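Just so you know, all these numbers are worked out from the coordinates, no wet-lab data involved. Just so it is clear, the structure is predicted and the values come from calculations on it, not from any experiment. In this analysis, Cβ positions are derived from the backbone assuming ideal geometry, glycine residues included, and neighbour counts consider all displayed protein chains.
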Amino acid sequence: MPDTDTQTQLAYLIATLEAEYGRQTRYSTKSALDQLVATILSQRTNYADEKAAYDKLLETYGDWGGVAGATVAGIEECIQTSRWPEIKAPRIKEVLTHVISTYGNDLDRVLSDMPVEEAQAVLMELPGVGFKTATFVLLFSLRKPVLPVDTHVHRVSTRFGILPKKISQAKSHGALLEILPADADELLNFHKLLFKHGQRICVYSNPRCGKCIVRERCRYVQEKTNGAG
């Protein structure tokens, strides 16, 4: 069980960020397969460039079956706006070929009927699909109670103080699930609030602490202030 101080800090963090950014309720309208491709394209890529690559694939090949049948070179040409297209193109082709040959158009139904751990395992069997990518698909498209922990969620959690300072991003997932409700709506809200705050204020280099609405109870700010004093 998480200690009372951690729960108090967590409740304050969520309530204060909600007051600033609003309650986050928007799930993806994409299917699981759509979301899987989009998540692969999004790696180290901003949303505008990810969307341009995603749209170009479908404009060029019509549907994911068409993309699966395309050459790697053709896919790579379509996704030039995404970083590392030479790595992502063969991965996308492999993933689509495997999913379509194994599940046809039933991936959403198959995953929806599975327990979380089993659905996670199915996705992680796909070429190049890791834990974080699988959690994005399961939460955003299928509304399963998992928590994607990207760099923003990890950074805000450790700086603010609801997680140990030196915990790895990989271990953060389990640690956060221990203190958050096992509810998809709550996990979506938490993820998106911390993502927005990490993207806009609690950035990696030169965080904008002076503009931060949770600075009064932030461990990072307190330690920086005490160190300066």
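Would you confirm whether any residue within the range 121-136 is in contact with an Asp or Glu (Cβ under 9 Å, 6 or more places away or on another chain), surrounded by fewer than 14 Cβ atoms within 10 Å (Cβ to Cβ) and not polar (S, T, N, Q)? Within the range 121-136, one or more residues are in contact with an Asp or Glu (Cβ under 9 Å, 6 or more places away or on another chain), surrounded by fewer than 14 Cβ atoms within 10 Å (Cβ to Cβ) and not polar (S, T, N, Q).
Restricting attention to helices (runs of 4 or more DSSP H) lying wholly within the range 111-185, give those where 3 or more residues are farther than 26 Å from Asp3 by Cβ and free of Cβ contacts under 8 Å to residues at least 24 places away in the same chain. Spell out the reasoning first.
Details: elements: 116-124, 131-136, 151-160, 169-179.
Per the criteria, 116-124.
Condition check for Thr29 on (1) of a type in the set (S, T, N, Q); (2) more than 22 Å from Leu142 (Cα to Cα); (3) not in a helix (DSSP H, G or I): one failure, at (2). Of all the residues in the range 137-155, those that are of a type in the set (Ser, Thr, Tyr) and surrounded by fewer than 21 Cβ atoms within 10 Å (Cβ to Cβ) number 1.
So for the range 162-169 (the condition being at negative phi and within 17 Å of the chain's Cα centre (by Cα)), does at least one residue qualify? Looking through the range 162-169, at least one residue is at negative phi and within 17 Å of the chain's Cα centre (by Cα).
Considered as a group, the residues in the range 51-81 that are under 23 Å from the mean Cα position of the chain (by Cα) and in a loop (DSSP other than H, G, I, E, B) include one that is nearest to Ile100 (Cα to Cα), and that residue is Ile79. Summed over the range 1-59, the residues that are surrounded by 15 or more Cβ atoms within 10 Å (Cβ to Cβ) and β-branched (Val, Ile, Thr) give a count of 7. Is it the case, given these coordinates, that Thr81 is of a type in the set (Val, Ile, Thr), in contact with a helix residue (DSSP H, G or I) (Cβ under 7 Å, 6 or more places away or on another chain), surrounded by fewer than 21 Cβ atoms within 10 Å (Cβ to Cβ) and within 22 Å of Ala53 (Cα to Cα)? Criteria met by Thr81. The set of residues in the range 200-223 that are surrounded by 14 or more Cβ atoms within 10 Å (Cβ to Cβ) and not in a loop (DSSP other than H, G, I, E, B) comprises Arg200, Cys209, Arg215, Arg217, Arg219, Tyr220, Val221.
Here Leu177 clears all of (1) over 13 Å from Ile14 (Cβ atoms); (2) touching a His at 6+ places or on another chain (Cβ under 6 Å) except the condition numbered (2).
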